[in-house]
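Novice: I have a structure I would like to understand better, so I am pasting it below and will then ask my questions one at a time.
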Amino acid sequence: MDLIPQILFVIVLILGIGYFTKNVKKLRRNISLGKDVDVSDNKSQRWKNMALIALGQTKMVRRPISGILHVIVYIGFIIINIEVLEIIVDGIFGTHRIGLEILPESIYGFLIGVFEILAVLVFVSVILFWLRRNTLKIKRFWSKEMTSWPKNDANYILYFEMVLMGLFLIMNATDPVLQEANTGNIFSQFIAPWFSDFPESTVHLIERSAWWLHIIGILIFLNYLYFSKHLHILLAFPNTYFGRLKPQGQFNNLASVTKEVKMMMDPNADPFATPAEGPEDDVPEKFGASDVQDLSSLQLLNAYTCTECGRCTSECPANQTGKKLSPRKIMMDTRDRLEEVGKNIDANDGEFKPDGKQLLDDYISREELWACTSCNACVEACPVSIDPLSIIMEMRRYLVMEQSAAPMELNNMMSNIENNGAPWPYNQMDRLNWKNE
C-alpha cells in the first residue's frame, strides 16, 4: 500500500511527459512543412543573439515597466522550477525533502530562500501584469485581432502562475520538516501560523495536497504551452538563434529570376541557348507564397514563436494611420492556418488533402499585404526576432509574379520602367525637359 503514491506519481509523470512529447513531435512536423532554409552561417553571431535576446531579454527591457516585470517572471519561474527535480525524486522514490539529506543544510536553505523570494516577486509581478491587461486596458492588448481566445489565453497563464506560486509557498509553510529546520523559509514562516490551529493530520493533508497540485499543475502548464502563445517560452531560443542576420531592408532574390536578369544584361549571352540541366536551374513550382507550405520553415517557426504582445503592431506606421494591416495578425493568421493544415494531415493518415482554403484571402487579405510600407519597424520591435515582413513580401511576390495582381499604381510604374526605363510616364528623350523651364 505504501507504494501506491509512488505508482500514481510515476503514472502522472509518464502521462504528462508523454503527451508533451507527442505535441512536440507534431510541432516539429508542422514547422517542417515549410521549405528548407540554410541558417548554418555565422554561428558565433547566432549564439550571441540567442544569449542576448532570448536569455538576456535585451529587447524586452526597451519598455522598462513591462520589460522588468517580464524578466522577474521569466527568471523566477525558471529558477523556482529547479525544485521540480526534488519533487520528482521524492515522488519516484518515496522520500521527503531529499535535498535536506544530500545537501548541506546551509546550501539547501539558501536555495529554498531564493525560491521563496522569487515566488513572491513572481506573484506580485503577475498581479501587476493582470492589472495592466485588464484594468488599464493598454491599447495593443485590445486590438480587433485580440478576440476571446487570445485575451483569455493571456489571463489563463497569469492565473496558472499565481496558483503555482501560491501552492509552492503553502507547501513550504505546511511542511513541518522545512519549518522545524528553520532554513530557507523566508516567507513561508509567516504563512505557517495561518495553519497553527489546524490538527496535525489536516496540516499534513494540506501539505500533501499542495505538493500534488503543484507538480500536476506544472505538468498541465507544460502541456498547455503547445496550445498557447506562451510556446515562446521554449521556441524563443531557436527562433533568436536562427533569426535574420542580414541588414534590415535587404530582401532575398529568387535564383531563377536573378539568372534571367543576368542573362538579359549580358550582351554575349544567347537567349535561345538551351540551359544546362541541373537542380540549380529548375524553375520553382511557385513564385512567392499563397499558403503556409510555400513559406520557409523559419517563417513557420516565427509564427509559433509569436508572443502576441503587439509591439510590432503598435510600431507599425500603416496600423497607426488606420490601415487594416497588423503585423501581429499576420503571425497569428499564419499559425492558425498552419494548425489547420496540421489537423488536416492528422485526419488523413499523414497526408494533406486540399481543403479549398489557403493563407492568402482566407486568412490574410490583399488589403493588409499592400498596406505594408516595408519599413521593418515590426521586425525591429519584436522582442524575439520574429520577421512578419518576410511573410508579407513572399505573399506580395506571389500576387505580382503568379497572378499579376499588383495594385494599379505598381502596374503603371512597372510598365513605365519597361517602356521608358524609369518609373515616370515620360519618353526617355523628354526626361531633361525640366531643365529648360
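Novice: When the chain is modelled as a GNM with alpha-carbon springs shorter than 10 Å, which of Lys144, Lys48, Lys35 fluctuates the most?
Specialist: Lys144
Novice: Moving on to the next point. Largest first, how would Leu231, Leu167 line up by accessible area (1.4 Å probe)?
Specialist: So, going from the largest accessible area down, we get Leu167, Leu231.
Novice: Something else about it: Taking the full set of protein chains and a 1.4 angstrom probe, give the accessible area of Cys312 in square angstrom, rounded to the nearest 10.
Specialist: 20 Å²
Novice: Going by a 4.7 Å Cβ-Cβ cut-off, which cysteines of the chain have no partner at all?
Specialist: Lacking a cysteine Cβ partner under 4.7 Å: Cys306, Cys309, Cys316, Cys372, Cys375, Cys382.
Novice: Let me ask you something else. Would you grab the residues whose amide H sits under 5 Å from the one on Ser296? Only those 5+ places off in sequence or on another chain, please, with H modelled 1.01 Å from N.
Specialist: So Ser296 has HN proximity to Lys35.
Novice: Give the angle, between 0 and 90 degrees and rounded to the nearest 10, that separates the Cα long axis of helix 255-265 from the longest principal axis of the Cα atoms of the chain.
Specialist: Around 20 degrees separate the two axes.
Novice: How much of the accessible area of region 143-298, probe 1.4 Å, is carbon plus sulfur, in whole percent?
Specialist: 64 percent
Novice: Now for a separate question. With an 8 Å Cα cut-off and a minimum separation of 6 or more residues, compute the relative contact order for region 141-273 in percent.
Specialist: 23 percent
Novice: Further question: Please give the per residue accessible area of the chain, computed with a probe of 1.4 Å over protein heavy atoms only, in Å².
Specialist: Ligands and nucleic acids excluded, the result is 55 Å² per residue.
Novice: Which order do Met60, Met265 take when ranked by solvent-accessible area (1.4 Å probe, heavy atoms of all protein chains), largest first?
Specialist: Largest accessible area first, the residues go Met265, Met60.
Novice: I'd like the orientation of helix 408-420 relative to the chain: the angle between its Cα long axis and the longest Cα principal axis, in ° from 0 to 90, rounded to 10.
Specialist: Its long axis makes an angle of about 40 degrees.
Novice: Let me ask something additional. Tell me the label-point distance for the pair Ser374, Ser148, using the 7 Å Cα-to-Cβ offset, in nm and rounded to one decimal.
Specialist: Label at Ser374, label at Ser148, 4.0 nm between them.
Novice: Who wins for biggest fluctuation among Leu225, Leu205, Leu325 in a Gaussian network model of the chain, springs between alpha carbons below 10 Å?
Specialist: For the chain, modelled as a Gaussian network with Cα springs under 10 Å, the answer is Leu205.
Novice: List, in order, the whole-Hz ³J(HN,Hα) value for each residue of region 306-313 obtained from phi through the Karplus relation with A = 6.51, B = -1.76, C = 1.60 and θ = phi - 60°; use x for Gly and Pro.
Specialist: 3, 8, 6, 6, x, 4, 4, 5
Novice: Quick check for me: using +1 on Lys/Arg Cβ and -1 on Asp/Glu Cβ, what's the dipole size of the chain about its Cα centre, in debye to the nearest 20?
Specialist: The calculated dipole for the chain is roughly 1260 debye.
Novice: Tell me, what ³J(HN,Hα) does each residue in region 234-249 have, in order and in whole Hz, if you take phi through Karplus 6.51 cos²θ - 1.76 cosθ + 1.60 with θ = phi - 60° and put x for Gly and Pro?
Specialist: For region 234-249, the Karplus curve yields 8, 8, 4, 5, x, 5, 6, 5, 8, x, 5, 10, 5, x, 4, x Hz.
Novice: Mind jotting down a quarter of the surface of the convex hull over the alpha carbons of region 69-117, in square nanometres, one decimal?
Specialist: Result: 3.5 nm².
Novice: Using a 1.4 Å probe on the protein heavy atoms only, what accessible surface does Phe187 show? Give it in Å² to the nearest 10.
Specialist: Taking all protein chains as shown, Phe187 has close to 80 Å².
Novice: For region 286-426, take the convex hull of the Cα atoms, compute a quarter of its surface area, and give me that in nm², please.
Specialist: Spelled out: convex hull of the Cα atoms, projected over all directions, averaged, 9.6 nm².
Novice: Looking at region 346-415, which GluC sites (Glu not before Pro) are DSSP coil and have at most 14 other C-beta atoms within 10 Å of their C-beta?
Specialist: Answer in residue order: Glu351, Glu402.
Novice: Something else: For the chain, what is the calculated [θ] at 222 nm in deg cm²/dmol (nearest 500), taking -39500 (n - 2.57) for each run of four or more DSSP H residues and dividing by its residue count?
Specialist: -18500 deg cm²/dmol
Novice: Karplus couplings for region 190-206 from phi (6.51 cos²θ - 1.76 cosθ + 1.60, θ = phi - 60°), rounded to Hz, Gly and Pro as x?
Specialist: Values, residue by residue: 8, 8, 3, x, 4, 10, 5, 8, 7, x, 4, 5, 5, 4, 4, 5, 5 Hz.
Novice: Taking only Cα atoms and a 10 Å spring cutoff, compute GNM fluctuations for the chain and point out the largest among Ile330, Ile107, Ile392.
Specialist: Ile107
Novice: Report the accessible area of Trp424, computed with a 1.4 Å probe over the heavy atoms of all protein chains in place, in Å² rounded to the nearest 10.
Specialist: 150 Å²
The values are calculated or read from the model by the stated rules, or taken from the named source; none is laboratory data. Just so it is clear, the structure is predicted and the values come from calculations on it, not from any experiment. Methodologically, a virtual Cβ is constructed for each residue, glycine included, from the backbone with ideal geometry; neighbour enumeration extends over all protein chains shown. Remember, those area values only see protein heavy atoms, side chains included, never the ligands or the DNA or RNA. Shrake-Rupley method; radii C 1.70, N 1.55, O 1.52, S 1.80 Å.
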